[in-house]
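For reference, the structure is listed below as structure tokens.
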Amino acid sequence: MRIGALLLITATLLGFSMHGCKWYSLSGGRTFADSVTVSVITFNNSAPLAKPTLPQTMTEALREIILRQTRLKLVQQNGDLNYEGTITGYSIAPVAISGGGTDQAALNRLTISINIKYTDKIEEQYNFESSFSRFADFPSSQSLPAVEDQLIKEITDQIVQDIMNRSINAW
């Protein structure tokens with residue numbers, strides 16, 4: 001009985017102490033007041049082989065995940081939190097050689113790399129500039145144009161989640 005009462009008192013005190021805290025949650029991620037704004041500047045492209053629509057695709061994916069997973073208000077520019085990105089790499093390479101004495105690739109890999117500059121005007125210790133890279137494999141029997149849109153979606157979803165984990169979730 002004493003242990004149960006002690007746990008109840010501890011949980012209550014923890015609840016009171018966390019009640020006034022608006023920046024951290026028990027999951028380790030950051031939470032924000034409703035008035036905090038975020039801007040995602042349209043990404044630039046410095047990767048010569050990238051699909052021309054990729055910068056807009058990446059930008060919109062980041063905006064959408066922010067709106068879905070947070071209460072932040074999206075603004076065009078000068079948000080309390082700001083993202084600027086550049087697509088730095090877009091490459092296709094063989095990753096698995098087929099058997100049978102031929103040197104043909106069984107799988108190809110599309111890799112996309114981006115550089116993100118994240119600026120937090122509220123808590124500057126969270127500011128960073130970092131590279132993120134993800135890939136997806138596809139059978140060499142398929143042409144890149146046939147699977148490119150789906151691969152870009154898969155890779156983009158992974159990259160924007162990585163960005164969220166580093167910035168908003170502070171992991």
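When residues of the range 138-166 are filtered for being over 18 Å from THR53 (Cβ atoms), surrounded by 15 or more Cβ atoms within 10 Å (Cβ to Cβ) and touching a Leu at 6+ places or on another chain (Cβ under 7 Å), how many remain?
Residues in the range 138-166 being over 18 Å from THR53 (Cβ atoms), surrounded by 15 or more Cβ atoms within 10 Å (Cβ to Cβ) and touching a Leu at 6+ places or on another chain (Cβ under 7 Å): 3 in total.
Looking only at residues in the range 106-130 that are surrounded by 14 or more Cβ atoms within 10 Å (Cβ to Cβ) and either in contact with a Pro (Cβ under 7 Å, 6 or more places away or on another chain) or hydrophobic (A, V, I, L, M, F, W, C) (or both), which one is nearest to ILE87 (Cα to Cα)?
ILE114
Kindly provide the set of residues from the range 131-171 that are in a strand (DSSP E or B) and closer than 29 Å to ASN82 by Cα, ordered by number. Explain how you work it out, then say what you get.
Quick first cut of the range 131-171, residues in a strand (DSSP E or B) only: 131-139.
Across the range 131-171, the qualifying residues are SER131, PHE132, SER133, ARG134, PHE135, ALA136.
Here's the yes/no breakdown for (1) at pLDDT below 50; (2) surrounded by fewer than 10 Cβ atoms within 10 Å (Cβ to Cβ):
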residue: THR12; (1), (2): yes, no
residue: VAL38; (1), (2): no, no
residue: PRO52; (1), (2): no, yes
residue: ALA61; (1), (2): no, no
residue: GLN69; (1), (2): no, no
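The values are calculated or read from the model by the stated rules, or taken from the named source; none is laboratory data. It should be emphasised that the depicted structure is a prediction, and the values quoted were computed from it without experimental measurement. Ideal geometry is used to build each Cβ from the backbone, glycine not excepted, and the neighbour counts take in all protein chains shown.
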